[in-house]
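Peer 1: Supplied in structure tokens, the structure appears directly below.
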Amino acid sequence: MKITMSLPKTILDILKVIHEKIEITSENNELISIAIWDFSDSGKISKTDIRNGLRKLAEDEKLFDLEDAVSLYLQEWIPGEEIKIRVNRERFEEFYKKHLQEQKTPTGRVKFLDEEAALKLGDKKCALPPYKNEHFFCRAAFEHQINEPIDWSIVYEKMTGYYEEHFGKSKDTRENWHRVYDTMEAINKRAKETLGIEKLFIWQEKTIKRTR
């Protein structure tokens, strides 16, 4: 039985960029132009990883041919520079679908490890900044059941140490509830990148629901 090995995240990211370009290019045109910035936007993929990833996909997997390979491998790239690849569309789509299907969201319930400031799903862990907003957010959220609406002020109090019994309910200002929302989004981003979960928390009318 043939075992399919999972691809590194950098290779998957490169595949996604190329796939997006293919989708907006005429079916009759196999030559695709891609700006270097499309790969390295916000530093997501280093230049070295781009070079190595494209070389692997072109030479080992035969998904496309690289035009102007000397420029690609030997010269210093600049953000506005473009590379050209001649794609084998049928082979690329088959490869893309096979490996992206491996990236399905894992099943199971997420555990919150308070002492470690981490989220755990199966054998994967997502570290949180200890004793910071994300840690305190999860401390509050995991006191409630999955899909149970949690008012933003409950989480805000846990994050800020604002004691309702002394100062009254937290003021419903955009600054206050948005602090909770921004923290939720930061956790969702970490959980997606580390655990493969699309949305661990959902924001709905100033309440938070935990999905897993």
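Peer 1: Lys120: which lysines have alpha carbons under 16 Å from its alpha carbon, excluding same-chain residues fewer than 8 sequence positions away?
Peer 2: Lys111, Lys189, Lys192, Lys199
Peer 1: Per 0.36 nm of contour for each residue apart, how much would the distance between Glu198 and Glu27 grow if the chain were fully extended, relative to their Cα-Cα spacing?
Peer 2: 58.5 nm
Peer 1: In nanometres, what is the gap between the two model label sites at Asp114 and Lys62, each 7 Å from Cα along Cα-to-Cβ?
Peer 2: 5.8
Peer 1: Please arrange Ile83, Ile202 by counting, for each residue, the other beta carbons lying within 10 Å of its beta carbon, fewest first. Don't skip to the answer; put the middle values down first.
Peer 2: On the way: Ile83 21, Ile202 14.
So the ranking, lowest neighbour count to highest, is Ile202, Ile83.
Each reported figure results from applying straightforward, stated rules to the coordinates on display, with no laboratory input. Quantities reported herein were computed from a predicted structural model and do not represent experimental measurements. Note that each Cβ is placed from the backbone with ideal geometry, even for glycine, and that neighbours are counted across all protein chains shown.
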